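Written out below as structure tokens is the structure these notes cover.
The values are calculated or read from the model by the stated rules, or taken from the named source; none is laboratory data. Everything numeric here is computed off the predicted structure, so don't read it as measured data. As a convention, Cβ positions derive from the backbone with ideal geometry for all residues, glycine included, and neighbour counts pool all protein chains shown.
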Amino acid sequence: MIPFDYQRAASAAEATGLARDGATFIAGGTNLLDLMKLEVMAPSRLVDINRLDLGGIEDTTGGGLRIGALVRNSDLAGDPRVRSSYPVLARALLAGASGQLRNKATTGGNLLQRTRCYYFYDTAMPCNKREPGSGCQAIGGATRLHAIFGTSDHCIATHPSDMAVAMRALDASIEIEDSAGNRRSVAISEFYRLPGTTPHIETVLKPGELITAVLLPPPGGTRQAYRKVRDRASYAFALVSVAGVVEMADGRMKRVALAFGGVGPQPWRNAEVEALLEGKAPSAELFEQAAGLLVAKARTQAGNAFKVPLLQRVLSATLNELTKG
Amino acid sequence: MALHLKMDERDDCDRLDAMAQKIIGTPIDRPEGALKVAGRARYALDMLPAGACHGVLVRATVAKGKLSSVDKDAVMALPGVRAVIADERLLRNPAQGMAGEAPVQGVSDVAYFGQLVALVVADSFEQARHGAQRLKLTLSSDPDVVVRPDDPAADLESPDDQKSEMGDLGRAMVDAAFSIDETYTTPPHASAAMEPHASIAEWSGEKLTLHGSYQMLPFNRSELADALGIDEGNVRILAPYVGGGFGSKLGISQEAVAAAIAAKELGVPVAVAMSRQQVFEGIMRRSETRQRIRLAAGEDGVLTGIGHEAWVSNLPDETFAEPVTQATPFLYQGAHRLIGQHIARVHRTCAGSVRAPGEAVGLTALEIAMDELAEISGIDPLELRLRNIPDKDPTEGIPFSSNKLSEALKVGAEKFGWSERSGTPGTRREGEWLVGMGMASAARVNMLIESKARVTLTGDGVARIESDMTDIGTGTYAVLSQIAGEMLGLPIDHVDVHLGDTDLPRGSGSGGSFGAASNGTAVFLACEDIRNQLCEKLGCDPESLTLKDGHAISGNQRLPFSEILQGTDLVGEGHVEPGKTEEAVRQATFGSYFAEVGVNAVTGETRLRRMLGVFSAGRILNEKTARSQCLGGMTFGIGMALLEELIHDDRDGHIVNRDLAEYHLPVNADVSGLEVVLLDERDGWANPLHAKGIGELGICGAAASIVNAIHNATGVRVRDLPATLDKVLEGLPPLS
């Protein structure tokens, strides 16, 4: 672990002011501290934001929810409004990590957790995400955890969050404050960046910018499901996951939002698949067609090729569950 | 006066059953349990003396090469750093179990990725870790390196003493009504003990004291002394509590030698703990295995031939080879037999003993093959096994000391409801879940290891047991207390057990499931010694002496020990050695497993629903700790069947998943509905306790019951463990 400074911020303005020259915010620290011990991350300064007033869950005037960045994953999963109106989010949260970790991990931190790529965690291995320009050792290596969409020749890592997958399906937006105190809101679809040639840059956050909240639009009359597939029954990252939000009208799928975890460098969505489904009556043939379309552009490695048939099956089963009866 | 027993003949006395205290076998709590749950049991690194420095080991990051220099100066300049040790006495890998001498030293020859080659010592752990992460090594990388066991360039050894042949297996296969000839593979496994390998070394002149986390202290003392080039009389090792071993702490390991060298150089105590990642890379792995199994059977399913050949790997020159076929010679009948083993020399982390070496993986493959034979012959898997239990060891031609396999199978089938199983795979479905049942036999060789113990009956009627034996979480404190309490007529709170100190009489150590029976026999003999002394004092013969609740009863007198002893102590010593009963009979433990799984028809995820293990291991010394051992073994079986796989990168051999986040052991949610039944048995051929080893029995074959259940649920036969969903998915029908 590289020696670092530690400062506790009393206000968002102080926090964003301190977050420069290699500094990093710390909230729950469930991922960051491990990475610092391994020297995968070596911030010059930790800016502790735990005392900031970013903890509440509030109704918005538009009928949605505003989730403070410091809301703990357990609290968010247990919130009655989330449980009743956004069950996909509650289920995704409870499918992640362990009870102890969820008690500590925050909403903002969960969005920013780093990949679980084995090669990212081992500082003896080349990794473009950890050390830009060093190469990607995962390509051609052990790739069970790796992405099949949105990858590049420089990085095939996945984003490991369950929560963010549900938020992507819910069309959440992320509220960000900069060091001048300006707040802006970024759609989650625009928040993450694909690796391209710069896999070390994972989001649109600029240095010093702080996530202050996540905004959920009104749920509408939707059916929701989160399905996570993993090697063991608990405490494992998704091999694939699906968050589905479907609104039915007259026996047809009026609106469909599908986000996928474990398959991309960010919670993955495919507008063509949703467009194919929308306005149509559910059927096994249609779901199969949608699943085929979803994986049409998959790029696999030897160790993760199984995700293609797996994802297709899980998508079909999830759509079936969301549209039956 | 010591009581010595060489186990040359069967014991027919069964003394323990004749005793009066009636605590042997009872499910008493561990005497040290409260200390452990309260965090007051002090493990190696809890013994940190004032003024101690901390050391952190540094790894080499090539699979094969030469360490030519270590840039000490830059690291020595960092705050708090006291020393950088790059010493040719550092160990390449841990000693193999019961080696009693140093393993390969000379770490400048790098033989595998992750080999620990230097130690940075500082005032604080954080400073040492920082220094270790900064230390620059100059390493050459040898391009001529084999890291894959299936690389045609790998040297392959096929030792003659691991090969045996009876009859003509080839002929038997041709003549068979039903035959199986399949290849099964199991991946490398890690031990993953909760307490990582950790030592504190402290010198006083030429005397070294090591607080360590080890299983076999007398051997570890010799290994440490040999590695340091000092007299073993100058070495004392203390390990009263050990947070799990599973084979990984049988031999002295890198951190102990490094701590000792550093402590000597600096003149202060030095503590060195390996990180989780270092344990994965630097401590013994179980070798991956490839196993070709041939089974030949007649129309009635009776086996005529068994062939079992195994391919395993290890570092060049390491003597250990996973004894995959250990139970194959005696489990089932068959006149035509072939056993073989091949060892590929590869530059991967050293292979050694991990959780029931041999049977854990070997019996698992054999029991999957038996399920395949049952399938093609149309004979129920349970019935197939019952038809093939031999009446004597079919290879050696000697009788079994005891063999309760048949009873274990029948009791298990009845209790589990085996008759409810559908014989046609894939026919039982509950919603998205395909449900199936599988079963397997359990078997493990039984061993007795030379062991000594001292028992002192003090003037105030308390027994003190002393041995350098260890309790690695297994229940040694409990079972030794019970043996002494039973033999001396003392309630359990009148027995004190002192373990884990090489100054005490030399015990067997913990390993190979032999600890309780071996060290327990030494304690038993020491108690017999005391009983004899009491008889002398009372003027009675041993047969007429009853000891109960701190009193001696003989004829019409009942006297408290305090009155007999008058403030003096009685010291008894016991010493047991293996003898002719090792060769005269086949000693083994047996059992059965029954598992029910659900396999998700969409995803191929397998979730265990319930599992039963029935075991016979001679006398059960403590029903609770024995059951816990079996539950742990079965849990490892779940891991082996569904989850565990040490992943090596094929390009440089490095271990990819070197922590418990990505090396998947079962979590609570994976371990549901486990039940254990312990059969009542006495085996006088084993030792005078009539007890046999139980620690590892619950692992041996356990995974097969689950893999066989997957087949019953889905029709998918997985021959490459673990049965992760991708392997099951391939065989599942399309979604309807």
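Structure notes:
- Scanning the stretch B:657-673 for residues that are surrounded by 19 or more Cβ atoms within 10 Å (Cβ to Cβ) and in contact with a strand residue (DSSP E or B) (Cβ under 7 Å, 6 or more places away or on another chain) returns B:Tyr663, B:Asp670.
- Residues of the stretch B:417-440 satisfying the condition of being surrounded by 23 or more Cβ atoms within 10 Å (Cβ to Cβ) and within 13 Å of B:Leu612 (Cβ to Cβ): B:Met437, B:Gly438, B:Met439, B:Ala440
- Apart from one condition, B:Leu660 fits all of (1) in the same structural domain as B:Leu643 (by TED's automatic domain parsing); (2) of a type outside the set (Phe, Trp, Tyr); (3) farther than 25 Å from A:Phe237 by Cα; the exception is (3).
- Meets criteria (within 14 Å of chain B (Cβ to nearest Cβ), over 17 Å from A:Ala172 (Cα atoms) and not hydroxyl-bearing (Ser, Thr, Tyr)) for A:Leu194: no
- Residues in the stretch B:695-725 that are over 23 Å from B:Thr328 (Cα atoms), surrounded by fewer than 19 Cβ atoms within 10 Å (Cβ to Cβ) and within 14 Å of chain A (Cβ to nearest Cβ): none.
- Residue in the stretch B:380-393 that is part of a helix (DSSP H, G or I), without any contact (Cβ under 8 Å) to a residue 40 or more places away in the chain, touching a helix residue (DSSP H, G or I) at 6+ places or on another chain (Cβ under 7 Å) and not hydroxyl-bearing (Ser, Thr, Tyr) present: yes
- Tallying residues that are under 27 Å from B:Ser508 (Cβ atoms) and surrounded by fewer than 18 Cβ atoms within 10 Å (Cβ to Cβ) within the stretch B:80-97 yields 0.
- Filtered residue count, the stretch A:97-154, keeping only those that are within 14 Å of chain B (Cβ to nearest Cβ), under 30 Å from A:Gly78 (Cβ atoms) and either outside any helix (DSSP H, G or I) or touching a helix residue (DSSP H, G or I) at 6+ places or on another chain (Cβ under 8 Å) (or both): 9
- Residues of the stretch B:439-480 that are of a type in the set (A, V, I, L, M, F, W, C) and under 30 Å from B:Ala365 (Cα atoms): B:Met439, B:Ala440, B:Ala442, B:Ala443, B:Val445, B:Met447, B:Leu448, B:Ile449, B:Ile472.
- Only one entry of A:Val295, A:Val204, A:Val229 meets the criterion of being modelled with pLDDT of 95 or more and either within 13 Å of chain B (Cβ to nearest Cβ) or in contact with a Cys (Cβ under 7 Å, 6 or more places away or on another chain) (or both), and that entry is A:Val229.
- Checking each residue in the stretch B:411-459 for being hydrophobic (A, V, I, L, M, F, W, C) and over 21 Å from the mean Cα position of the chain (by Cα) picks out B:Val411, B:Ala413, B:Phe416, B:Trp418, B:Trp433, B:Leu434, B:Val435, B:Met437, B:Met439, B:Ala453, B:Val455, B:Leu457.
- Residue check for A:Glu274: within 14 Å of another protein chain (Cβ to nearest Cβ), part of a helix (DSSP H, G or I), out of contact with any helix residue (DSSP H, G or I) (no Cβ under 8 Å at 6 or more places or on another chain) and without any contact (Cβ under 8 Å) to a residue 60 or more places away in the chain: no
- Within the stretch B:646-694, being among the acidic types (Asp, Glu) and within 14 Å of chain A (Cβ to nearest Cβ) holds for B:Asp649, B:Asp650, B:Asp652, B:Asp659, B:Glu662, B:Asp670.
- Residue ID - nearest to the other protein chains (Cβ to nearest Cβ), chosen from residues in the stretch B:596-629 that are in a helix (DSSP H, G or I) and of a type in the set (D, E, K, R): B:Arg627
- Total residues in the stretch B:202-226, condition in contact (Cβ under 8 Å) with a residue 24 or more places away in the chain and part of a loop (DSSP other than H, G, I, E, B): 6
- Where strands (runs of 3 or more DSSP E) fall entirely within the stretch B:476-561, those with at least 1 residues that are more than 30 Å from the chain's Cα centre (by Cα) and surrounded by fewer than 23 Cβ atoms within 10 Å (Cβ to Cβ) are at B:545-548, B:551-554, B:557-560.
- Test for B:Asp175: is it away from chain A (no Cβ under 13 Å), over 30 Å from B:Glu644 (Cα atoms) and either in contact (Cβ under 8 Å) with a residue 24 or more places away in the chain or surrounded by 22 or more Cβ atoms within 10 Å (Cβ to Cβ) (or both): yes
- The condition of being part of a helix (DSSP H, G or I), within 13 Å of another protein chain (Cβ to nearest Cβ) and within 18 Å of A:Tyr226 (Cα to Cα) holds for only one of A:Leu322, A:Leu315, that being A:Leu315.
- Residue check for B:Arg627: of a type outside the set (Gly, Ala, Ser) and either surrounded by fewer than 20 Cβ atoms within 10 Å (Cβ to Cβ) or on the phi > 0 side of the Ramachandran plot (or both): no
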